[in-house]
Amino acid sequence: MAINCLRVLSKIPLSTKPKSPKPHLSLPQPLSLCGRRSASLSLGVVAAVEAGISHFSSMSYDKELHAAKKAASLAATLCQKVQKELLKSDIHSKSDKSPVTVADYGSQALVSFVLERELPTESFSLVAEEDSGDLRKDDAQETLQRITALINDTLASDGSYTVSSLTTEDVLRAIDSGKSEGGSSGRHWVLDPIDGTKGFVRGDQYAIALALLDEGKVVLGVLACPNLPLTSIGSDTKHSSHNRVGCLFFSQIGSGTYMQPLDGSPPVKVHVTAIENSEEASFFESFEAAHSKHDLSSAIAKKLGVKAPPVRIDSQAKYGALSRGDGAIYLRFPHKGYREKIWDHAAGCIVVTGLCKSESGDWAGFGK
C-alpha cells in the first residue's frame, strides 16, 4: 500500500482576501497524506495539473525563483532578529483577534521591495495577508518607526541594494502592494509574511511562504523556515541546542524540490518518504488545537495503524519537513466555519508535490 499525498477531490477555491466579493484563486485541496517518491499523482490531481501543463512545461521561472529566494531569505533575517528580541510592544491583535507582529509587517514590506527590485520589467501583483491600516493610526507611529528601522537595517546589512533609507511612507506603500485581489489570469505572487505567528511569538516554528501563480496555477514556491533543523525531525528525534537550524525549501514546476541552509550553502534535492506501510509512518499536525481537530486526526491515525505519536509543529514548516521525508502524513481538519486562505498552502503545495518530468516523459510528483 502506497501512502497517497493528495486527496482525489476537485479543486477547492481558497480565498485570496477575507470577505472578498471577487472570484477566488484556486489550487488543489490542502495536503492530507504524503506518498512515496515513486508514486504518480492521484488521478484527480493529474487532471487538475494537466489542464495547463503543456503551457508551463516549456517555460522557465529561473529569474522569478532567484528573486523569490532572495526575498524570503531577507525576510527571514528580519524575522530572526525580531524573534530574538521580541518585545510585548511588538505584538498586536488584528480585528479577528489573531496576533500580528512588527515582523509580519516588516517581512511583507521586504518581500515586496525585493520582488519589485529584482523583477522591474514585470507587472507586479501581490496577494498577501497584511495591510497598513492599523499602522496608519496615530497610536501606531512608534511601531511604524520600529518596522522601518528594522527594514533599513536588514537591507544595509545585506548590501545587495544601493538605496537610500526607506521612509515610513515607503514602508506603508510596500505593505499595501499586497492588496491585489489576484485572479485566474496573469501572474500573481502569493505571500504569507509569517505563517505561524503564534509559533513565532512562542519562539517555535514559523515560515515565510511565497509562491507564484501563472494563469491560476502554482508554478513556483519558496518556504523559509528559520527555526527548522537541517536534520530530520520526528517523534523519535531529539534535538540539542547545537543542531544547525534554518532551511530554505524551493521548487519550480518541472524541476523538483530542493533544500538549502539559510546561510547560503549549496542546495540538495529532496524527496518525500518512501515508507509504504502506514504502521511505520509518522504524521504531522498543527500545534494549535484551534487550527485542526486533533481528536479526529488521532482517530484516523489509529485506523491507519500508525504507532508513532503525532509531531505537532506550527506553520508550513510541516510542508518543508514532509518534502524531505521527515514524516509520511499530514492531517489537517479545520473547525467548522474556518476558511482556508491561498497563502496558507500555495507555497507548501508545490514544495511537497515537486512537479517534474519522469524518465518516461510523464509528469510526476512528490519530488521524484
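Values in this text are rule-based calculations from the coordinates and carry no lab data. Just so it is clear, the model here is predicted, and its values are computed rather than measured. We place every Cβ from the backbone using ideal geometry, glycine too, and count neighbours over all the protein chains shown.
Each peptide in 199-209, 181-191 receives the mean, over its residues, of other Cβ atoms within 10 Å, and ordering these scores from highest gives 199-209, 181-191. Pairs Lys70/Lys269; Lys198/Lys269; Lys69/Lys336; Lys63/Lys198; Lys70/Lys341: which are spaced more than 28 Å apart, C-alpha to C-alpha? From the list (Lys70/Lys269; Lys198/Lys269; Lys69/Lys336; Lys63/Lys198; Lys70/Lys341), the Cα-Cα distance tops 28 Å for Lys198/Lys269; Lys69/Lys336; Lys63/Lys198.
Using the average count of surrounding beta-carbon atoms within 10 Å as a protection proxy, the listed peptides 156-168, 311-323, 255-267 rank, highest first, as 311-323, 255-267, 156-168. Approximating the spin labels as points 7 Å out from Cα along Cα→Cβ, the Glu85-to-Arg244 distance works out to 2.6 nm. The amide H of Ser282, built 1.01 Å from its N in the peptide plane, has Ala328, Ile329 as neighbours under 5 Å, considering only residues 5 or more places off or on other chains. Is the shape of the stretch 119-263 rounded, prolate or oblate, going by the alpha carbon gyration tensor and its root eigenvalues a ≥ b ≥ c, with a/c under 1.5 for rounded and a/b larger than b/c for prolate? It is oblate, given that a/c is not under 1.5 and a/b is not larger than b/c. With both labels modelled 7 Å from their Cα along Cα-to-Cβ, the Lys269 to Val163 distance reads 3.5 nm.
Straight-line cross-link reach from Lys302 at under 13 Å between alpha-carbon atoms covers these aspartates and glutamates, not counting any fewer than eight positions away in the same chain: Glu279, Glu280.
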